[in-house]
């Protein structure tokens with residue numbers, strides 16, 4: 001998937017502000033605003049393609065019983081559970097799907113009666129990881145998701161304007177950034193209408209634990 005660099009993002013914000021460079025303290029503020037807006041964009045949908053993993057086999061822990069933990073060695077940390085299947089999903093028309101509830105330990109599978117069930121196939125959203133960038137913000141090559149790039153630029157600049165007391169200009173930048181994000185969310189909606197990751201049909205056959 002397409003990415004841009006953090007350096008490009010930072011330079012765009014400087015261009016929006018009409019400055020060649022920010023003061024050192026301002027740079028730190030902008031970096032904090034960038035992570036804040038990155039987190040906001042990340043949370044606007046649990047189906048960003050970049051962060052969704054479909055049908056990955058995960059170990060069912062014995063303590064707490066019948067639980068899929070958030071963390072498993074050599075795999076991405078789970079940020080949000082979406083669906084859990086008994087067998088590999090999305091390969092055939094039907095796969096047994098489990099009900100579950102989530103707490104601090106992970107996803108607790110309900111009505112799991114098969115004695116030898118040691119794993120399940122989890123569709124999940126990856127855990128959020130903020131940007132970690134040194135003080136050389138303008139030259140950082142840390143990857144920024146292209147779908148968030150312009151939203152973050154305009155809204156982080158909006159936060160900077162608010163900090164400077166320029167609330168009217170901040171509102172304009174906030175709206176501009178929101179428009180960019182709305183376009184990306186619309187793309188997700190179109191994709192969701194054409195795939196089965198979120199389409200869930202409740203029947204006795206696919207919901208029965210066995």
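The values are calculated or read from the model by the stated rules, or taken from the named source; none is laboratory data. In this text, all values refer to a predicted model and were calculated from it rather than measured experimentally. Because the Cβ atoms are built from the backbone with ideal geometry, glycine has one as well, and the counts that use them run over all protein chains shown.
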Exercise for the section: Can you work out which of the residues in the stretch 160-175 that are buried (at least 19 other Cβ atoms within 10 Å of the Cβ) and touching a residue at least 60 places away in the same chain (Cβ under 8 Å) is farthest from residue 7 (Cα to Cα)? Expected result: 173
Practice task
Go through (1) closer than 13 Å to residue 119 by Cβ; (2) surrounded by 15 or more Cβ atoms within 10 Å (Cβ to Cβ); (3) touching a residue at least 24 places away in the same chain (Cβ under 8 Å) and name the single condition residue 88 misses.
Solution key: (2)
Completion exercise
In the set 131, 90, 100, the lone residue that is within 23 Å of the chain's Cα centre (by Cα) and farther than 26 Å from residue 185 by Cβ is 100
Exercise for the section: Go through the residues of the stretch 41-54 one by one and say whether even a single one is in contact with a helix residue (DSSP H, G or I) (Cβ under 9 Å, 6 or more places away or on another chain), closer than 18 Å to residue 173 by Cα, surrounded by 16 or more Cβ atoms within 10 Å (Cβ to Cβ) and touching a residue at least 24 places away in the same chain (Cβ under 8 Å). Expected result: yes
Fill in the blank from the handout: Among residues of the stretch 99-125 being part of a loop (DSSP other than H, G, I, E, B) and surrounded by 10 or more Cβ atoms within 10 Å (Cβ to Cβ), the residue modelled with the lowest pLDDT is 114
Handout entry: Exclusive hit being touching a helix residue (DSSP H, G or I) at 6+ places or on another chain (Cβ under 9 Å) and either in the same structural domain as residue 148 (by TED's automatic domain parsing) or over 30 Å from residue 9 (Cα atoms) (or both), set 107, 95
Key = 95
Handout entry: Residue list for the stretch 126-140, restricted to those being surrounded by 14 or more Cβ atoms within 10 Å (Cβ to Cβ) and not in a loop (DSSP other than H, G, I, E, B)
Key = 126, 137, 138
Exercise for the section: Can you tell me which residue among 53, 71 is outside the structural domain of residue 142 (by TED's automatic domain parsing) and in a strand (DSSP E or B)? Expected result: 53
Practice task
Please verify whether the stretch 8-22 includes one or more residues that are surrounded by fewer than 16 Cβ atoms within 10 Å (Cβ to Cβ) and in a strand (DSSP E or B).
Solution key: no
Exercise for the section: Could you list all residues from the stretch 141-177 that are within 22 Å of the chain's Cα centre (by Cα), closer than 15 Å to residue 33 by Cβ and not in a helix (DSSP H, G or I)? Expected result: 144
Problem - Residue that is nearest to residue 84 (Cα to Cα) [pool: residues in the stretch 177-199 that are loosely packed, with under 11 Cβ neighbours inside 10 Å and modelled with pLDDT under 70] - result: 199
Problem - residue 3 under 21 Å from the mean Cα position of the chain (by Cα) and more than 25 Å from residue 99 (Cα to Cα) - result: yes
